[in-house]
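Working notes, beginning with the structure itself.
The values are calculated or read from the model by the stated rules, or taken from the named source; none is laboratory data. The structure presented is a predicted model; accordingly, all values stated were derived computationally and were not measured. Glycine also receives a Cβ, built like all others from the backbone with ideal geometry; neighbour counts cover every protein chain displayed. These accessible areas exclude ligands, DNA and RNA; they are computed on the full protein's heavy atoms, side chains included. Shrake-Rupley method; radii C 1.70, N 1.55, O 1.52, S 1.80 Å.
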Amino acid sequence: MAVSATTPSRFDQPPDEATGSVTVLTEPEMAAQHPVAAPEALRTLPGLDVREAGTLGEAASLRIRGAEPFQTLVLLDGVRVNSPLRGDADLGNFLLDGVTQIEAVRGGYSALYGSDAIGGAVNLRTLPPQRPTEVTFFAEGGTFHTAREGVGVGGKQEWGFYRFAVSRTDTDGQFDHDRFGAATLSGQLSVDLTPRSSITLTPRYQTDRKEMAITPLEFLPTFTVVRDDNNVIKRQFLSTAVEYRNTPVPWWEMVLNVSTVQTDLDWDNPNTDSTVDGSTSVSYSYAEETREREYTVNLQQNITWQPNQVFTLGLEQAWVDVHSIQDIAFTVTPPPPGFPPSYDPPPTAIDGRRRTRSLYLQQLSRLWDSLMVQAGLRVDGDSQFGTTVNPKLATTYRLAPTGATLRASGGTAYRAPTIQELDFVLYGNPGLHPERAISWEAGVRQPLLGERLVLDAAFFQIEFHNLIERFPAPAHNVGRARSRGVETEVIYQPVDNARVTVNYTWLDTLGENGMDLPLSRRHRLNMIVTGSPLTGLVLRVSAQLASGQQLPGPVEQLDGTVEYGRDSGYLLIDATATYELIRPMPAVRQAELFVKANNLLNTDYQNLPGFPAPGLAFLGGIKSSF
């Protein structure tokens with residue numbers, strides 16, 4: 001099946017025809033890796049930096065091209081899942097059961113998607129099934145007493161298609177009080193109303209519970225992490241989208257999408273007592289109840305007004321409703337100089353509402369079979385801070401003699417202040433303005449050897465303006481920063497059943513203080529080798545070499561040592577083997593066994609300062625289809 005991507009232009013097109021930097025992780029590639037959660041699948045993609053606070057279920061954030069997690073947009077089947085309260089999308093507990101393709105676009109995309117798409121966007125997609133009827137079952141187990149099981153059913157019929165799945169995941173984690181348990185339900189139901197129209201329902205629900213073995217004491221002058229045995233987070237996530245698609249005439253496509261995203265979080269850490277700096281006693285408690293609701297209606301018209309000329313007009317309205325109660329208290333004995341010995345205010349309530357009305361336009365033109373131009377503009381009217389306009393222009397040019405494709409793009413992007421930045425009692429400021437950015441890139445893609453070898457390179461730069469700083473309170477717009485770098489990728493397929501991918505990202509950042517942006521890594525090299533040496537056997541080995549990250553300040557580790565400047569880099573190697581059994585039973589259409597080893601070298605490293613990453617871990621299992 002030919003690969004297509006919707007994220008670069010908001011309608012289907014081959015990824016190599018996109019005018020920007022795009023990476024698509026296909027269903028066969030995901031099947032060779034067997035990723036459990038989103039961070040595992042994303043960490044080796046070019047330009048992406050995934051930060052995980054330990055084991056499965058812990059907080060995990062995504063950065064693209066040096067942009068912060070709240071400046072990076074995450075979509076689920078085209079529906080925004082960034083938190084309206086905090087701004088980022090926590091991917092640590094996002095299990096990939098039911099997700100069949102991942103698309104990552106790099107660079108500013110506010111001209112299409114509005115707020116948060118400064119560094120880029122990631123779209124986790126569920127593709128329609130291709131077989132008439134299929135029942136699937138999987139069972140997995142591994143290190144940390146990990147157990148996963150799930151069943152699914154789906155099929156492509158004359159009237160449309162359907163896909164439903166349910167799964168359960170449990171693991172003890174690497175420490176005491178580190179357990180994670182989650183249940184996931186996902187599905188799709190599409191009905192063809194007429195030969196040219198259809199309606200599709202895409203729901204997804206997940207409930208999980210995570211014991212947090214490590215608690216960060218962010219309020220101390222030195223960022224400190226301590227062991228904890230009573231910190232628990234319970235979460236529920238529900239995303240529902242209904243899409244009506246109609247093509248009245250061959251040159252006109254209308255798409256109406258109505259979606260809702262609901263997130264409930266209950267966080268309870270009644271009391272943490274610890275000693276830091278060898279002599280300072282700290283008692284800390286935290287509780288939070290948060291309810292987030294986001295409703296979106298999007299009407300998009302794609303008009304092919306001439307061959308190779310597609311005009312897109314979109315109208316969107318979104319409503320956000322957030323209610324959060326947060327209760328924090330601490331005592332420090334003896335307190336550091338100038339630091340209060342105790343803090344115990346009344347619980348803080350945040351009730352935030354926001355409405356955004358948007359208009360976006362896009363013209364995609366192919367000229368003379370060699371030049372493609374994509375021009376876009378989006379106008380967002382926000383009920384809290386007014387109107388924001390973001391244009392973008394991108395182009396590609398194919399050099400016929402060599403087959404090389406040159407690309408260039410430039411535009412603006414923005415991030416709206418979060419509900420917490422606007423209304424939180426400690427630092428909220430309802431007068432904040434959006435963060436702004438100007439980004440551009442230039443690149444080239446060169447296929448060789450009949451496209452068995454593909455070389456790709458791009459230079460990019462992002463200028464951040466009006467950055468929001470929370471302290472000293474209240475939050476205020478003063479910050480400026482810059483991120484620039486180079487992304488290169490080599491894809492070599494010597495034979496049909498073998499593939500080697502190597503990508504390297506060099507990142508150079510500069511903050512207002514003249515130093516690199518916090519948590520930025522200058523060098524990141526990934527290599528993925530996939531092959532089938534024997535019939536039915538697929539091997540995949542990945543290696544990631546990363547330089548040290550810029551620490552945001554002094555960090556006190558679990559053992560009491562304090563680190564400054566940059567931490568040490570790491571080499572991480574993962575390996576997966578999948579073997580397909582040949583018709584083990586008459587009723588079984590396909591069955592496969594797999595085993596994978598993460599952190600094969602048992603490397604001691606931290607992806608997020610203060611939070612040790614797991615050592616060598618195995619996972620194996622069976623997947624059958626009937």
> By how many nm would the segment from TYR295 to SER625 lengthen if fully extended, with 0.36 nm per residue of separation less the alpha-carbon distance?
Replying inline: 115.2 nm
>> Quick check on the chain: take the gyration tensor over C-alpha atoms, sort the square-rooted eigenvalues as a ≥ b ≥ c, and tell me if it's rounded (a/c under 1.5), prolate or oblate.
In response: rounded
>> Checking the cross-link filter: which lysines have an alpha carbon closer than 25 Å to that of LYS156, excluding same-chain neighbours under 8 positions apart?
In response: LYS623
>> Can you give me the solvent accessible area of LEU256 with a 1.4 Å probe, rounded to the nearest 10 Å²?
In response: 60 Å²
> What FRET efficiency, computed as 1/(1 + (r/R0)^6) with R0 = 56 Å and r the Cβ-Cβ distance, is obtained for MET30 and ALA473, rounded to the nearest 0.05?
Replying inline: 0.80
>> Taking θ = phi - 60°, what integer Hz values does the Karplus form 6.51 cos²θ - 1.76 cosθ + 1.60 yield along region 152-157, in sequence order, with x for Gly and Pro?
In response: x, 9, x, x, 10, 10
>> Suppose accessible area is computed on protein heavy atoms with a 1.4 Å probe; arrange VAL478, VAL122 from highest to lowest.
In response: VAL478, VAL122
> Can you pull the semi-axes for region 148-303, root of five times each eigenvalue of the Cα gyration tensor, sorted largest first, whole Å?
Replying inline: 46, 19, 11
>> Given R₀ = 41 Å, what would the calculated FRET efficiency be for THR535 paired with GLN236, taking r from the Cβ atoms and rounding to 0.05?
In response: 0.40
> Order of 557-569, 183-195 by packing, highest average Cβ count within 10 Å first?
Replying inline: 183-195, 557-569
>> If I model a spin label as a point 7 Å beyond the Cα along the Cα-Cβ vector, how far apart are those points for ARG357 and ILE325 in nm?
In response: 3.5 nm
>> Per residue of region 526-538, what does 6.51 cos²θ - 1.76 cosθ + 1.60 with θ = phi - 60° give for ³J(HN,Hα)? Whole Hz please, x for Gly and Pro, Karplus curve as stated.
In response: 10, 9, 10, 10, 10, x, 10, x, 10, 4, x, 9, 10
>> Can you classify region 1-120 as rounded, prolate or oblate using the Cα gyration tensor, where a ≥ b ≥ c are the square roots of its eigenvalues, rounded means a/c under 1.5, and otherwise it's prolate if a/b beats b/c and oblate if not?
In response: oblate
>> At 1.4 Å probe size, put ARG43, ARG209 in order of accessible surface, largest to smallest.
In response: ARG209, ARG43
> What's the extension gain from LEU315 to TRP252 if we count 0.36 nm per residue and subtract their Cα-Cα distance?
Replying inline: 21.1 nm
> On alpha-carbon atoms, Rg over Rh for region 256-349 using Kirkwood Rh?
Replying inline: 1.37
> In whole Å, what are the Cα extents of region 316-361 along the three principal axes, biggest one first?
Replying inline: 59, 22, 9
> Long-range amide H contacts for PHE223: which residues qualify at under 5 Å (H placed 1.01 Å from N, peptide plane, sequence gap of 5 or more or a different chain)?
Replying inline: GLU556
> Under 12 Å from the 7 Å Cα→Cβ point of ASP277, by amide nitrogen: which residues of region 326-361?
Replying inline: 332-341
> Which distance in nm do the two modelled labels at ASP16 and THR402 give, with both placed 7 Å along the Cα-to-Cβ direction?
Replying inline: 1.7 nm
>> What figure, in Å² to the nearest 10, do you get for the accessible area of LYS623 with a 1.4 Å probe and non-protein molecules left out?
In response: 100 Å²
> Across region 371-386, in residue order, what do the Karplus-derived ³J(HN,Hα) couplings come to in whole Hz, using 6.51 cos²θ - 1.76 cosθ + 1.60 with θ = phi - 60° and x for Gly and Pro?
Replying inline: 10, 10, 10, 10, 10, x, 8, 10, 10, 10, x, 9, 5, 9, 10, x
> How much accessible surface area, in Å² rounded to 10, belongs to the heavy atoms of TRP440 with a 1.4 Å probe?
Replying inline: 110 Å²
> So how do ARG407, ARG179 rank on accessible area, 1.4 Å probe, biggest first, that is with the largest at the start?
Replying inline: ARG179, ARG407
> How big is the charge dipole of the chain about its Cα centre, in debye rounded to the nearest 20, if each Lys and Arg gets +1 on its Cβ and each Asp and Glu gets -1 on its Cβ?
Replying inline: 2000 debye
>> Classify region 2-68 from the C-alpha gyration tensor, please: rounded if a/c falls under 1.5, else prolate or oblate depending on whether a/b exceeds b/c.
In response: oblate
